[in-house]
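**Q** One structure follows; several queries about it will come next.
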Amino acid sequence: MVPPTAVAEASRPRHEIDSVVVRFAGDSGDGMQVTGSQFTLTSALAGNDFATFPDFPAEIRAPVGTTFGVSSFQINFGSQRIETAGDSLDVLVAMNPAALKVELKNLRVGGTIIADVGQFNDRNVKKAGFVANPLEDGSLEKYRVIKIDISALTMEAVKNSGLSKRDGLRCKNFWTLGLIYWMYGRDRAPTVEWLNKRFGAKRPELATANIAAMNAGHAFGETAEMSGEMTAFTVRPAEIAAGVYRTISGGEALAYGLVAGSQLAGLNIMFGSYPITPASPLLHILAGLKQFGVTTFQAEDEIAAVCAAIGGSYAGQLGITSSSGPGIALKMEAIGLAISTELPLVIVNSQRAGPSTGMPTKTEQSDLYQAVFGRNADAPLVVLASRSPSDCFETAVEAVRLATKYMTPVMLLTDGYIANAAEPWLIPDLAKLKPFRVRFRTEAEGFHPFLRDPKTLARVWATPGTPGLQHRIGGIEKAYDSGHISYEAGNHQKMTDTRKAKIDGIGNDIPEQGIEEGERTGDLAVVGWGSTYGPINRAVYTMRQKGLKVSHIHLRHIWPLPRNLGDLLKGFRRVLVPEMNTGQLVTVLRSQYLVAAEGLNKVNGQPFKISEIEHAIRTRLEH
Amino acid sequence: MNVVPERLTAKDYATDQEVRWCPGCGDYAILKAVQKTMADLQASRDRTVFVSGIGCAARFPYYMETYGFHTIHGRAPAIATGIKLANPSLDVWVVGGDGDMLSIGGNHLLHALRRNVDLQILIFNNEIYGLTKGQYSPTSRVGTRSPSTPQGSVDLPVSALAFALGCGARFIGRSIDTEQKHLPEVLKRAHGYRGAALVEILQNCIVYNDGVFADITESDVADDRQLYLEPGQPMLFGKNREKGIRLNRETLSLEVVTVGQNGITAADVLVHDEKNKMIAHMLALMEPPEFPVALGVIYCAPEVQSYETGLLAQVTEAKAKGAADLNKILRSGHTWKV
Ligand code: SF4
């Protein structure tokens with residue numbers, strides 16, 4: 001572990017704190033995402049636990065200085081266990097008035113604003129929708145405001161770099177990063193290394209200028225501290241399990257998990273996808289992993305993407321497709337074909353706010369109905385949900401296992417938050433994962449394409465090219481005993497029942513539902529799925545400290561549900577289901593178990609705050 | 001031990017399934033021609049895949065003793081692309097009707113052609129929707145009366161082959177369901193082409209559009225309405241091969257001429273050059289009554305790398321660059337030890 005070296009360097013003892021929430025906010029062109037990810041990297045290297053939340057506009061280049069062009073990156077880091085990107089901000093870095101306008105509501109009372117006064121001119125102030133300059137009109141009294149002319153200081157720092165005025169000014173995010181590095185005693189070396197790698201060969205002057213800006217920001221902190229203007233803090237390393245760590249985003253974890261799964265199954269991957277926000281990172285990452293036998297196919301549309309994946313599975317590879325809600329809607333007919341022909345298929349849905357185009361860059365969990373029920377006819381499949389960026393790895397492996405073992409499509413739900421957020425990850429040793437190698441049918445004796453494994457009910461997988469096994473399959477109903485076309489009524493009943501029984505039976509092949517936090521019985525079970533894990537877990541933990549009999553249950557397997565879930569829920573007086581939708585899992589739980597579960601719902605494009613869930617728990621239990 | 005493989009006959013490519021097309025449907029003739037083609041090629045039954053969408057034509061795979069995948073409406077070219085990417089050594093045929101391929105699946109056909117996926121794509125064009133009981137189709141001529149257009153259709157039809165050329169198709173051919181000698185020859189050429197090869201087959205739907213091609217196929221008009229193209233041969237037709245196609249160099253369009261009349265000599269008649277895309281386009285669009293219908297291989301561009309070859313070469317290249325070690329990749333970049 002790298003200890004925070006700056007503790008020794010500082011002239012005065014640093015204030016020690018457990019955790020901090022910082023949000024970098026600026027214009028889309030201000031490089032806030034780069035700044036945030038660099039800060040994340042150094043926090044990881046300093047041994048902190050952390051969670052991040054990148055929040056950017058849907059428009060690629062929104063007009064400069066407008067509120068809808070604000071791009072932010074939030075990080076919560078600390079010496080304790082960190083579950084969410086943080087409810088409210090301790091520090092808001094506002095690179096312009098619009099950033100202040102948009103993000104101020106998230107700052108806690110007494111929190112710190114670091115504002116680039118160089119950007120708070122009349123024009124920008126008006127453009128952001130302020131009547132008067134908020135830095136001057138006393139409206140920020142409740143906060144600590146640190147006004148620095150970051151723009152001018154950056155220009156000063158890079159004046160010898162030979163950069164144009166425009167390029168020089170663009171270094172201001174690294175000046176700011178330098179200042180924040182000083183505040184939290186962070187090592188600058190990894191960022192120096194990153195800048196040299198990024199610009200070194202092609203535009204070394206950009207690397208030099210950005211490093212100079214960062215160093216100037218850092219030096220500014222030291223000087224300002226002398227005068228008492230600024231305070232430096234120490235955030236000690238967190239106590240986390242021993243091992244080798246890295247940061248991982250949901251997109252990366254998914255890609256690696258799918259590749260790991262395909263290796264465990266002994267299959268190559270045929271990945272078909274069509275670009276869509278926020279699902280595209282998976283396509284990009286897998287396109288760089290071809291050495292693992294991954295073929296990535298950027299299709300002409302969502303339908304072709306899933307169809308190519310189905311063609312891949314039919315021909316003996318692992319077919320995977322990925323999209324977001326609107327794209328998944330387009331794929332549904334083809335998914336029905338994969339259900340009917342009983343081919344393995346993994347469908348990743350990075351959910352976003354909807355309906356229709358909705359808010360592509362904003363997160364939501366509103367596709368659970370679509371995943372579980374959203375097809376014509378009785379068309380069951382497996383639905384899994386990842387709870388966090390790193391959890392995507394395990395869920396992806398599980399998706400591949402179930403798809404290949406049961407010859408079925410598996411829908412894996414993540415969301416925009418998970419896809420883009422990053423967290424520290426204890427890197428697993430892949431050699432320790434249990435293989436689940438696929439066995440293709442090669443024996444001609446007694447073969448027909450819908451011959452089933454009596455235990456799993458999975459049909460045989462016989463791929464074109466296998467001598468003597470030529471056969472025909474399709475979406476028309478098949479005779480149970482031969483796989484030939486059949487319109488016979490009794491046969492359709494039997495096939496429908498069999499398809500259902502196959503998926504239901506998976507309930508016996510998945511782990512029993514456990515408890516994340518708390519006892520197996522009590523006054524209130526808070527049941528979640530997907531990316532609400534962090535805030536629910538932290539809220540339940542805190543409420544238990546206060547003596548409330550509340551437990552956290554978090555589902556990975558959405559369909560079929562774990563076999564003991566019904567009994568588990570009956571052990572609680574009340575059940576609360578927080579979801580970023582208007583109540584989807586809660587409806588499923590009510591219909592499956594006849595429990596009086598109630599929803600806690602929001603769809604404002606932002607993840608739950610811990611305090612919102614704490615409040616909901618309290619109102620249920622304290623009267 | 002040397003086993004001399006048995007020679008397969010057309011019958012060996014037929015399944016035991018009862019064929020369910022209407023009696024007299026042109027699809028029977030096409031099935032027969034395809035099975036004959038398979039036998040002529042001695043195609044491996046377990047390395048051949050027929051992929052189809054939805055429609056009368058799309059039932060085709062059930063009757064071929066090969067691998068077969070009857071998929072969903074319009075999507076056969078996309079599914080076939082996935083099959084070819086997953087296993088390029090398979091011989092993949094795509095079968096669909098005019099509605100399947102040119103209406104609901106037009107987009108996939110476009111992209112399979114422009115990508116140049118090594119597929120044989122057969123369009124059974126009967127200018128009608130058969131399976132849904134007779135609505136007009138995207139290839140129906142203006143004025144087609146059908147249950148959905150009782151007063152006659154008003155929209156202009158698409159030409160399958162002109163569309164294909166516009167998409168960047170590098171091989172297009174045309175034949176007629178009942179032409180049991182000609183059709184297998186065109187299919188064999190398509191099969192031999194490395195890349196996407198499209199063949200339009202004029203097919204009679206005896207129930208909903210009987211005789212729609214009578215102006216081409218009836219024996220009294222056939223000679224004057226059918227132009228059989230042969231590479232390097234003059235484009236002659238007519239009972240005594242007295243008629244020919246000439247390029248009018250002033251209007252840059254084709255015209256029908258009669259050799260021996262108005263000073264026309266054999267030298268005036270166009271010689272078929274399969275590589276000439278401009279002429280191919282004009283040939284594809286020829287239709288009666290002014291012109292005969294062009295049959296045979298209309299366009300065959302020099303072979304270039306097919307899509308799956310190019311894409312899979314990148315996979316091979318990536319594999320050659322170093323061992324695929326996921327454990328190592330996970331541990332590359334910034335890591336830290338706790
Ligand atoms: S409806 Fe027409 S195309 Fe379809 S099977 Fe009958 S005759 Fe053939």
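The values are calculated or read from the model by the stated rules, or taken from the named source; none is laboratory data. Bear in mind the structure is a predicted one, so any value in this text is a computation, not a measurement. Glycine also receives a Cβ, built like all others from the backbone with ideal geometry; neighbour counts cover every protein chain displayed. In case anyone asks, the SASA skips ligands and DNA or RNA and just uses the protein heavy atoms, side chains included. Shrake-Rupley method; radii C 1.70, N 1.55, O 1.52, S 1.80 Å.
**Q** Looking at the stretch A:341-356, is at least one residue surrounded by fewer than 20 Cβ atoms within 10 Å (Cβ to Cβ) and assigned to a loop (DSSP other than H, G, I, E, B)?
**A** Yes, the stretch A:341-356 has at least one match.
**Q** OK, next. Sort out which residues of the stretch A:466-478 are open to solvent by 20 Å² or more (accessible area, probe 1.4 Å) and either assigned to a loop (DSSP other than H, G, I, E, B) or over 18 Å from B:Ile72 (Cβ atoms) (or both), and write them in order of number.
**A** Passing the criteria: A:Pro467, A:Gly468, A:Gln470, A:Gly475, A:Ile476, A:Glu477.
**Q** Filtering the stretch B:14-64 down to residues that are in contact with a strand residue (DSSP E or B) (Cβ under 7 Å, 6 or more places away or on another chain) and of a type in the set (S, T, N, Q), which residue is farthest from the ligand (Cβ to nearest atom)?
**A** B:Thr48
**Q** Could you please tell me which pairs satisfy a Cβ distance under 6 Å, a separation of 6+ or placement on different chains, a first residue in the stretch B:107-130 that is closer than 22 Å to B:Lys84 by Cα, and a second residue that is assigned to a strand (DSSP E or B) and among the acidic types (Asp, Glu)?
**A** Correct list of pairs: B:Ile123/B:Glu200.
**Q** For the stretch B:94-138, enumerate the residues that are among the hydroxyl-bearing types (Ser, Thr, Tyr), open to solvent by 10 Å² or more (accessible area, probe 1.4 Å) and either within 14 Å of the ligand (Cβ to nearest atom) or farther than 26 Å from B:Ala29 by Cβ (or both). Steps first, answer last, please.
**A** Going through the stretch B:94-138, the residues among the hydroxyl-bearing types (Ser, Thr, Tyr) turn out to be B:103, B:129, B:132, B:136-137.
Subset that is open to solvent by 10 Å² or more (accessible area, probe 1.4 Å): B:103, B:129, B:132, B:136.
Within the stretch B:94-138, B:Tyr129, B:Thr132, B:Tyr136 qualify.
**Q** Within the stretch B:60-102, how many residues turn out to be in contact with a His (Cβ under 7 Å, 6 or more places away or on another chain) and either charged (D, E, K, R) or on the phi > 0 side of the Ramachandran plot (or both)?
**A** 3
**Q** Shifting gears a bit: Could you tell me whether the stretch B:300-311 includes any residue that is farther than 30 Å from A:Ile269 by Cα, open to solvent by 50 Å² or more (accessible area, probe 1.4 Å), more than 8 Å from chain A (Cβ to nearest Cβ) and touching a residue at least 24 places away in the same chain (Cβ under 8 Å)?
**A** yes
**Q** Now a separate question. Quick check on the stretch B:193-213. Is at least one of its residues part of a helix (DSSP H, G or I), open to solvent by 50 Å² or more (accessible area, probe 1.4 Å) and within 16 Å of the ligand (Cβ to nearest atom)? Spell out how you get there, then give the answer.
**A** If we filter the stretch B:193-213 for residues that are part of a helix (DSSP H, G or I), which is where we start, we get none.
The answer is no; no qualifying residue exists.
**Q** Another question, then. Which strands (runs of 3 or more DSSP E) does the stretch A:254-332 wholly contain that include 2 or more residues that are of a type in the set (Gly, Ala, Ser)?
**A** In the stretch A:254-332, the matching strands (runs of 3 or more DSSP E) lie at A:269-273, A:318-323.
**Q** Taking only the stretch B:2-50 into account, find how many residues are surrounded by fewer than 21 Cβ atoms within 10 Å (Cβ to Cβ), touching a residue at least 60 places away in the same chain (Cβ under 8 Å) and part of a helix (DSSP H, G or I).
**A** Residues in the stretch B:2-50 being surrounded by fewer than 21 Cβ atoms within 10 Å (Cβ to Cβ), touching a residue at least 60 places away in the same chain (Cβ under 8 Å) and part of a helix (DSSP H, G or I): 5 in total.
**Q** Looking at B:Gly68, B:Gly53, which one is free of Cβ contacts under 8 Å to residues at least 40 places away in the same chain, open to solvent by less than 20 Å² (accessible area, probe 1.4 Å) and within 28 Å of B:Glu308 (Cβ to Cβ)?
**A** Checking each option against the conditions leaves just B:Gly68.
**Q** Can you go through B:Ile206, B:Ile176 and tell me which one is closer than 27 Å to B:Lys277 by Cβ and either of a type in the set (Val, Ile, Thr) or modelled with pLDDT of 95 or more (or both)?
**A** Residue meeting the stated conditions: B:Ile176.
**Q** Do the conditions hold for B:Lys275, that is, is it open to solvent by 50 Å² or more (accessible area, probe 1.4 Å), in contact with a strand residue (DSSP E or B) (Cβ under 8 Å, 6 or more places away or on another chain) and either within 14 Å of another protein chain (Cβ to nearest Cβ) or of a type outside the set (A, V, I, L, M) (or both)? Step through it out loud before you land on a result.
**A** Numbers: open to solvent by 50 Å² or more (accessible area, probe 1.4 Å): yes; in contact with a strand residue (DSSP E or B) (Cβ under 8 Å, 6 or more places away or on another chain): yes; either within 14 Å of another protein chain (Cβ to nearest Cβ) or of a type outside the set (A, V, I, L, M) (or both): yes.
Taking the combined requirement at face value, the residue satisfies it.
**Q** Follow-up. Can you tell me which residues in the stretch A:450-492 are facing chain B (nearest Cβ under 7 Å) and in contact with a His (Cβ under 6 Å, 6 or more places away or on another chain)?
**A** Once the filter is applied, which keeps residues that are facing chain B (nearest Cβ under 7 Å) and in contact with a His (Cβ under 6 Å, 6 or more places away or on another chain), the stretch A:450-492 yields only A:Gly474.
**Q** Let me ask something else about it. Please enumerate the residues belonging to the stretch B:73-88 that are part of a helix (DSSP H, G or I) and more than 7 Å from every other protein chain (Cβ to nearest Cβ).
**A** Residues satisfying the conditions are B:Ala76, B:Pro77, B:Lys84.
**Q** Picking from B:Leu113, B:Leu102, B:Leu131, which residue would you name as being within 14 Å of chain A (Cβ to nearest Cβ) and part of a helix (DSSP H, G or I)?
**A** Step by step, each of B:Leu113, B:Leu102, B:Leu131 is checked, and only B:Leu113 is within 14 Å of chain A (Cβ to nearest Cβ) and part of a helix (DSSP H, G or I).
**Q** Further, regarding this structure: Over 24 Å from B:Lys319 (Cα atoms), away from chain B (no Cβ under 11 Å) and modelled with pLDDT of 95 or more: does that describe A:Ile339?
**A** Judged against the criteria, A:Ile339 is a match.
**Q** Which of the numbered conditions does A:Thr295 fail, given that it passes all the others? Conditions: (1) over 20 Å from the mean Cα position of the chain (by Cα); (2) more than 7 Å from every other protein chain (Cβ to nearest Cβ).
**A** All conditions are met except number (2).
**Q** Could I ask something else about it? Against the definition (open to solvent by 50 Å² or more (accessible area, probe 1.4 Å) and either within 16 Å of the ligand (Cβ to nearest atom) or in a helix (DSSP H, G or I) (or both)), how does B:Arg189 come out, yes or no?
**A** When the stated conditions are applied, B:Arg189 passes them.
**Q** Taking the criterion of being among the charged types (D, E, K, R), within 14 Å of chain B (Cβ to nearest Cβ) and over 30 Å from A:Tyr406 (Cβ atoms), would at least one residue in the stretch A:267-290 satisfy it?
**A** Initially, the stretch A:267-290 is screened for residues among the charged types (D, E, K, R), giving A:290.
Among the residues that remain, those that are also within 14 Å of chain B (Cβ to nearest Cβ) are: A:290.
From the residues that got through so far, the ones that are over 30 Å from A:Tyr406 (Cβ atoms) too are none.
Checked the stretch A:267-290: no residue is among the charged types (D, E, K, R), within 14 Å of chain B (Cβ to nearest Cβ) and over 30 Å from A:Tyr406 (Cβ atoms).
**Q** Test A:Thr321 against the stated conditions and say whether it is buried (at least 24 other Cβ atoms within 10 Å of the Cβ), of a type in the set (Ser, Thr, Tyr), in contact with a helix residue (DSSP H, G or I) (Cβ under 7 Å, 6 or more places away or on another chain) and over 22 Å from A:Pro57 (Cα atoms).
**A** Yes, satisfied.
**Q** If B:Phe163 meets every condition in (1) surrounded by fewer than 24 Cβ atoms within 10 Å (Cβ to Cβ); (2) within 25 Å of B:Cys22 (Cα to Cα); (3) away from the ligand (no atom under 16 Å from the Cβ) apart from one, which number is that one?
**A** (2) is the only condition that B:Phe163 fails.
**Q** Cβ-Cβ below 6 Å, separation at least six or inter-chain, first residue in the stretch B:191-217 and more than 25 Å from B:Ser89 (Cα to Cα), second of a type in the set (Val, Ile, Thr) and within 12 Å of the ligand (Cβ to nearest atom): which pairs?
**A** That search, which allows pairs on different chains as well, returns B:Ile201/B:Ile30; B:Cys205/B:Ile128; B:Tyr208/B:Ile128; B:Asn209/B:Ile128.
**Q** Condition first: of a type in the set (A, V, I, L, M, F, W, C), at pLDDT 95 or above and either touching a Lys or Arg at 6+ places or on another chain (Cβ under 7 Å) or not in a strand (DSSP E or B) (or both). Can you find one or more residues in the stretch A:237-253 that meet it?
**A** yes
**Q** Let me ask you something else. Could you list, in sequence order, the residues of the stretch A:368-378 that are open to solvent by 20 Å² or more (accessible area, probe 1.4 Å) and touching a residue at least 24 places away in the same chain (Cβ under 8 Å)?
**A** Result: A:Tyr369, A:Gln370, A:Gly374, A:Arg375, A:Asn376, A:Ala377, A:Asp378.
**Q** Mind listing whichever residues of the stretch A:308-318 are in contact (Cβ under 8 Å) with a residue 40 or more places away in the chain, at the interface with chain B (Cβ under 7 Å from one of its Cβ atoms) and on the phi < 0 side of the Ramachandran plot?
**A** Result: A:Gly311, A:Gly312, A:Tyr314, A:Ala315, A:Gln317.
**Q** Can you pull out every residue in the stretch A:108-121 that is open to solvent by 10 Å² or more (accessible area, probe 1.4 Å), of a type outside the set (A, V, I, L, M, F, W, C) and under 10 Å from A:Pro97 (Cβ atoms)?
**A** Of everything in the stretch A:108-121, those that are open to solvent by 10 Å² or more (accessible area, probe 1.4 Å), of a type outside the set (A, V, I, L, M, F, W, C) and under 10 Å from A:Pro97 (Cβ atoms) turn out to be A:Gln119, A:Asn121.
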